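Asker: A single structure is presented below for examination.
The values are calculated or read from the model by the stated rules, or taken from the named source; none is laboratory data. Please read all numbers here as calculations on a predicted model, not as lab measurements. Cβ sites come from the backbone with ideal geometry, for glycine too, and all protein chains shown count toward neighbours. Quick note on the areas: whole protein, heavy atoms, side chains included, nothing else; ligands and nucleic acids left out. Shrake-Rupley method; radii C 1.70, N 1.55, O 1.52, S 1.80 Å.
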Amino acid sequence: MTYTYHYISPLGGITLAGSAQGLTGLWFDGQKYFGSTLGERRETKDIPVFTQTAQWLDIYFSGKEPSFTPPLSLNATPFRRAVWEILLSIPYGQTMTYKEIAGKIAEKNGLSSMSAQAVGGAVGHNPISLVIPCHRVVGADGSLTGYAGGIDKKEKLLKMEKGV
């Protein structure tokens, strides 16, 4: 059974999805790939992971870095999981390029290179926005490229993290 919960943020509504194992989804309402991990059977219910995630979001939207990560339950390919693990390592207020992530994946797997476009696909399909900070990934020239929640939200999130 998948449970859902709605959170109101300064940037609009956010839908959370989860189970007893952890958070499975976090999307700005209406964003691209909204609800990608929601199953057919779901129920609106406040479960412990939602309480923890709402606390994380309250801290985050107050302009501070949360000191914990709610429990995550990721059902993904090993490649996507590897990309999302790198996203979790990007420090608050900093960014990383798709190319840098591709380099880390290539190095970890003993490859000479990795497609930044493949990384982009994995970043774009991240089902747990904000907590897994895909908004911190930028183009090779530092430009704000693709964000399922919208470039306007990405820009606001990055400015908030930098205290601007």
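Asker: Between 85, 43, which is among the charged types (D, E, K, R) and at pLDDT 95 or above?
Answerer: After ruling out the rest, the residue left standing is 85.
Asker: Could I ask something else about it? Taking into account only those residues within the range 106-151 that are of a type in the set (Gly, Ala, Ser) and closer than 17 Å to residue 35 by Cβ, which is modelled with the lowest pLDDT?
Answerer: 148
Asker: All but one of (1) loosely packed, with under 15 Cβ neighbours inside 10 Å; (2) farther than 30 Å from residue 107 by Cβ; (3) touching a residue at least 12 places away in the same chain (Cβ under 8 Å) hold for residue 40, so report the exception by its number.
Answerer: Residue 40 satisfies all of (1) loosely packed, with under 15 Cβ neighbours inside 10 Å; (2) farther than 30 Å from residue 107 by Cβ; (3) touching a residue at least 12 places away in the same chain (Cβ under 8 Å) except (3).
Asker: While we're here: How many residues, within the range 1-37, are aliphatic (A, V, I, L, M) and open to solvent by less than 80 Å² (accessible area, probe 1.4 Å)?
Answerer: Matching residues across the range 1-37 total 6.
Asker: Give the range 59-79 a look and list any residue that's of a type outside the set (S, T, N, Q) and open to solvent by less than 90 Å² (accessible area, probe 1.4 Å), or say none.
Answerer: The answer is 59, 60, 61, 63, 66, 68, 70, 71, 72, 74, 76, 79.
Asker: Output the residue which, of all residues in the range 10-63 that are out of contact with any Gly (no Cβ under 7 Å at 6 or more places or on another chain) and among the charged types (D, E, K, R), is nearest to residue 147 (Cα to Cα).
Answerer: Ranking the qualifying residues of the range 10-63, first place goes to 32.
Asker: On to the next question. Out of (1) at pLDDT 95 or above; (2) in contact with a strand residue (DSSP E or B) (Cβ under 6 Å, 6 or more places away or on another chain), what's the single condition that is false for residue 52?
Answerer: Only one criterion in (1) at pLDDT 95 or above; (2) in contact with a strand residue (DSSP E or B) (Cβ under 6 Å, 6 or more places away or on another chain) is unmet by residue 52, namely (2).
Asker: Hey, can you tell me all the residues within the range 110-136 that are part of a loop (DSSP other than H, G, I, E, B), in contact (Cβ under 8 Å) with a residue 40 or more places away in the chain and open to solvent by 20 Å² or more (accessible area, probe 1.4 Å)?
Answerer: Scanning the range 110-136 gives a single hit, 125.
Asker: Hey, among the residues in the range 82-100 that are touching a helix residue (DSSP H, G or I) at 6+ places or on another chain (Cβ under 9 Å) and within 30 Å of residue 1 (Cβ to Cβ), which one's surrounded by the most Cβ atoms within 10 Å (Cβ to Cβ)?
Answerer: 83
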